[in-house]
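Okay, so here's the structure we're looking at.
Every number here is computed from the coordinates shown, using simple stated rules; none is lab data. Small disclaimer: the values here were computed from a predicted structure and weren't measured. No Cβ is skipped: glycine too gets one built from the backbone with ideal geometry, and neighbour counts run over all protein chains shown.
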Ligand SMILES: Nc1ncnc2c1ncn2[C@@H]1O[C@H](COP(=O)(O)OP(=O)(O)OP(=O)(O)O)[C@@H](O)[C@H]1O
Ligand SMILES: [Mg+2]
């Protein structure tokens, strides 16, 4: 990882609903609150991160669609595809549902289209931001390979109570291997984040033990995210982030703790590079 530039991380799991968007939005927000310059890239046509961080969707004139469309005549500057959010230091590159229609055109141009996102954003965003988090869809599609070809690291949220989300991790790790061999050899598997945990439940404990056995304890963040109805409330009420809605809540505390562990990892990596 190059310490002179910002770090790009893909937040991915092949399995749906594991907390990719909650992690992308909440971790981006707390890093920004701590003074880092952060960009959240919404790489999912479901556009959940976009809805979380941009309340009035009508302001979006340019977005991920325009950057990925292989046949686009509209060629906006990248800066015109990036929007501020309520948290100073946190910007978003939004997405729209129409982007799902680009999956086939992009897949046909395979393998060159794997580099579309990297070619469009890498130089600018790694110069301008400290951290760039890419919220991925629950697929192993061309959108996810675009994110992995662009990224320095991959972080994988898994649901504490779901054995299936362990299978989703396997899918991402296999795709990572092919991306490493295909042209992004420095891509790193950062860690797994255990989400929606209820430590009283034996199924959750068994699943965590299983994850530790399969991937190694050092590949799992010590910080975990508890089940909290605040995340669903924010989504339903169209509020923005856990830090603006309920800064003292257990969800906020958990993401603050995660941010300490996350930043420590990158600060250590920078020091090791001298
Ligand atoms: N720790 C948590 N406690 C309670 N609810 C949560 C928690 N994390 C996520 N959720 C809720 O679970 C649902 C799925 O979370 P999220 O959208 O972050 O998952 P995802 O992996 O991005 O889903 P998808 O695969 O569809 O993109 C959402 O309704 C979200 O509000
Ligand atoms: Mg999502």
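A few points about this structure:
- Dimensionless Rg/Rh of region 142-274 - Kirkwood Rh, Rg from C-alpha atoms: 0.99
- Compared with the direct C-alpha span, the chain from residue 108 to residue 173 gains 21.0 nm at full extension, assuming 0.36 nm per residue.
- Residue-averaged 222 nm ellipticity for the chain, from DSSP H runs of 4+ at -39500 (n - 2.57), nearest 500: -13500 deg cm²/dmol
- DSSP beta bridge pairing in region 7-272, given as percent antiparallel to the nearest 5: 5
- Label zone at residue 205, where the point sits 7 Å out along the Cα-to-Cβ direction: region 158-187 residues whose backbone N lies under 17 Å: 160-162
- Note on the chain: with a GNM built from Cα contacts shorter than 10 Å, the maximum mean-square fluctuation among 23, 139, 233 falls on 233.
- Two-decimal log10 I(q)/I(0) for the chain, as the Debye equation yields it once each C-alpha is a single scatterer, q = 0.09 Å⁻¹: -0.38
- Distance from the alpha carbon centroid of region 188-247 to that of region 116-148 works out to 23 angstrom.
- Sequence of 265, 143 once ranked by neighbouring C-beta atoms within 10 Å, starting from the fewest: 265, 143
- Cβ-based exposure ranking for 252, 100, 49, 178, in which fewest neighbours within 10 Å come first: 178, 100, 252, 49
- q = 0.09, 0.10, 0.14, 0.20 Å⁻¹, region 79-231: log10 I(q)/I(0) [Debye, one scatterer per Cα]: -0.35, -0.43, -0.83, -1.33
- Taking the number of Cβ atoms within 10 Å of each Cβ as an exposure proxy, the fewest-first ranking of 214, 238 is 238, 214.
- Residue ranges 124-135, 149-160 sort as 149-160, 124-135 when ordered by packing (mean number of other C-beta atoms within 10 Å per residue, highest first).
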